[in-house]
Ligand code: CP
Ligand code: NVA
């Protein structure tokens, strides 16, 4: 299966077979690194990392993966380039495409990464937009493969919280591609759009996945994995916190909710960063204003043996490496 020269913009651009092949490559590159037998498959190449929003994992994962493969990475921070204010996306893409073999882009509307891809002449990788976070979903599915205690066609995942976020959309479609029983559990205003649900159902028809969209927390019953993300995403105004907390207070992932899965081996997933205590500026502000100690997840669940969030964070690097190797070689 060849991906050479392809972009990586959203899950739906790939067939189920292609998606699974990227997971296989991720697992192989992970094993190669652990066994100290990795090869510099991208030797002499240069990649650009363009960020219009902040990042810890995605940036570091790309940089380390590039270095592991013998490539050099150049980071452009959210204020460090002319993009958007002094130079159009199309012109920037054309310029970067002359220097770099591949471009990672994190930004706002999906249309921007699509435009960048249309003009770059080299593979463009979506490192998060308002609508999709496909490198996250690839990592999440590798993590589920590693931690599942049943065959994948028996595995259920409940995504609880702000389901219509980039991560919610990507987890829904990524899970459908893996043939999972995926339940998106969220109050009505925060459910995935009809268009996203329809595309996930179309994938499910092919893979045997089951797709449930509900506001009923009973949907976590029997889930092997419980996944959540922050309640207010990058790019949303901070004034929206009060409204979001009102909508989502009952959807916090806490010990009671984990117990509702009825599975002693249920695992907790989170893309990170997470608000699980008061040791962040926002965490402290939310505690002072709304009395929530831990927002989308309690510290108890985050730090429990059920939590595999740091295995998941590690997998960002192995899966991003696979995306680069697949599209550049
Ligand atoms: N999960 C994730 O994308 O993290 P960063 O925002 O730190 O890159
Ligand atoms: N939904 C979050 C994901 C962060 C990795 C955001 O967009 O801020």
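Restricting attention to the stretch 6-19, report how many residues are in a loop (DSSP other than H, G, I, E, B) and in contact with a helix residue (DSSP H, G or I) (Cβ under 7 Å, 6 or more places away or on another chain).
So the count comes out to 4.
Scan the stretch 156-165 residue by residue and report those that are in contact with a helix residue (DSSP H, G or I) (Cβ under 7 Å, 6 or more places away or on another chain) and either surrounded by fewer than 24 Cβ atoms within 10 Å (Cβ to Cβ) or farther than 17 Å from residue 264 by Cα (or both).
The answer is 159, 160, 161, 162, 163, 164.
Scanning for something closer than 23 Å to residue 233 by Cα, buried (at least 24 other Cβ atoms within 10 Å of the Cβ) and in contact (Cβ under 8 Å) with a residue 60 or more places away in the chain, does the stretch 98-111 turn up at least one residue?
The answer is no; no qualifying residue exists.
Can we say residue 269 is away from ligand 1 (no atom under 16 Å from the Cβ), modelled with pLDDT of 95 or more and outside any loop (DSSP other than H, G, I, E, B)?
The answer is no for residue 269.
Can we say residue 142 is in a helix (DSSP H, G or I), crowded, with 24+ Cβ neighbours inside 10 Å, away from ligand 2 (no atom under 14 Å from the Cβ) and more than 18 Å from the chain's Cα centre (by Cα)?
no
Inside the stretch 274-289, can you point out the residues that are part of a loop (DSSP other than H, G, I, E, B) and either touching a residue at least 24 places away in the same chain (Cβ under 8 Å) or crowded, with 17+ Cβ neighbours inside 10 Å (or both)?
Across the stretch 274-289, the qualifying residues are 274, 275, 276, 277, 278.
Can you find even one residue in the stretch 71-81 that is closer than 24 Å to residue 33 by Cβ, within 16 Å of ligand 1 (Cβ to nearest atom) and surrounded by 19 or more Cβ atoms within 10 Å (Cβ to Cβ)?
So far as the stretch 71-81 goes, yes, one or more of its residues are closer than 24 Å to residue 33 by Cβ, within 16 Å of ligand 1 (Cβ to nearest atom) and surrounded by 19 or more Cβ atoms within 10 Å (Cβ to Cβ).
How many of the residues making up the stretch 48-70 are closer than 23 Å to residue 130 by Cα and buried (at least 19 other Cβ atoms within 10 Å of the Cβ)?
11
Being without any contact (Cβ under 8 Å) to a residue 24 or more places away in the chain and either in contact with a helix residue (DSSP H, G or I) (Cβ under 7 Å, 6 or more places away or on another chain) or closer than 28 Å to residue 142 by Cα (or both), is that true of even one residue in the stretch 254-263?
yes
Looking only at the stretch 51-91, which residues are within 16 Å of ligand 2 (Cβ to nearest atom) and outside any loop (DSSP other than H, G, I, E, B)?
51, 57, 58, 59, 60, 61, 62
For the stretch 210-238, which residues satisfy the criterion of being at pLDDT 95 or above and within 16 Å of ligand 2 (Cβ to nearest atom)?
Once the filter is applied, which keeps residues that are at pLDDT 95 or above and within 16 Å of ligand 2 (Cβ to nearest atom), the stretch 210-238 yields 227, 228, 229, 230, 231, 232, 233, 234, 235, 236, 237.
The values are calculated or read from the model by the stated rules, or taken from the named source; none is laboratory data. Just so it is clear, the structure is predicted and the values come from calculations on it, not from any experiment. Counting neighbours? That spans all protein chains shown, and the Cβs are built from the backbone with ideal geometry, glycine included.
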